[in-house]
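Enquirer: Attaching a single structure in structure tokens format; questions to follow.
Laboratory data are not the source of any read-out in this text; all were calculated from the coordinates shown. This structure is a prediction, so every number in the text was calculated from the model and none was measured. Glycine also receives a Cβ, built like all others from the backbone with ideal geometry; neighbour counts cover every protein chain displayed.
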Amino acid sequence: MSMSFEETVEAQIREAQARGDFDNLPGKGKLIDLTDYFNTPEEVRVAQSLLKNAGMVPVEIELLQEIAVLKDSLNSTIADVEKAKLQKLLKEKQLQFDILLEKRRR
């Protein structure tokens with residue numbers, strides 16, 4: 001007699017618990033705050049979940065990541081010409097981010 005998918009998963013979870021695989025997870029014993037999750041409309045949650053599972057991130061996050069990389073590069077660059085290029089690019093990305101946020105507010 002074969003086990004269903006759910007039974008197989010449950011058995012694997014129980015085995016992992018018995019081995020202690022879940023004993024040192026971050027946030028163990030703390031409540032999970034799901035307020036933001038449930039305050040977000042269901043259709044938006046579904047869309048965000050699909051994008052996340054597909055490895056895609058919102059444009060705002062991409063811009064913030066690019067800004068962080070540019071700031072790091074700027075801090076580690078010595079050449080004045082390169083610094084000027086990085087500063088210009090950083091200002092452009094920051095402006096894109098600010099415009100995007102302003103559009104979202106409206």
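Enquirer: Per 5 Å bin from zero, what fraction in whole % of the C-alpha pairs of region 35-89 is there, up to the bin with the longest pair?
Expert: 4, 17, 16, 15, 11, 9, 9, 9, 6, 3
Enquirer: Could I ask something else about it? Of the listed values (1) 86; (2) 211; (3) 127, grab the one calculated as volume of the Cα convex hull per residue in Å³ from the structure here.
Expert: (2)
Enquirer: While we're looking at this one, here's another question. Which value, in debye to the nearest 20, describes the size of the charge dipole of the chain about its Cα centre when Lys and Arg Cβ atoms bear +1, Asp and Glu Cβ atoms bear -1, and nothing else is charged?
Expert: 580 debye
Enquirer: How would you rank 41-48, 60-67, highest first, on the average number of other Cβ atoms within 10 Å across their residues?
Expert: Put in order of decreasing packing, that is 60-67, 41-48.
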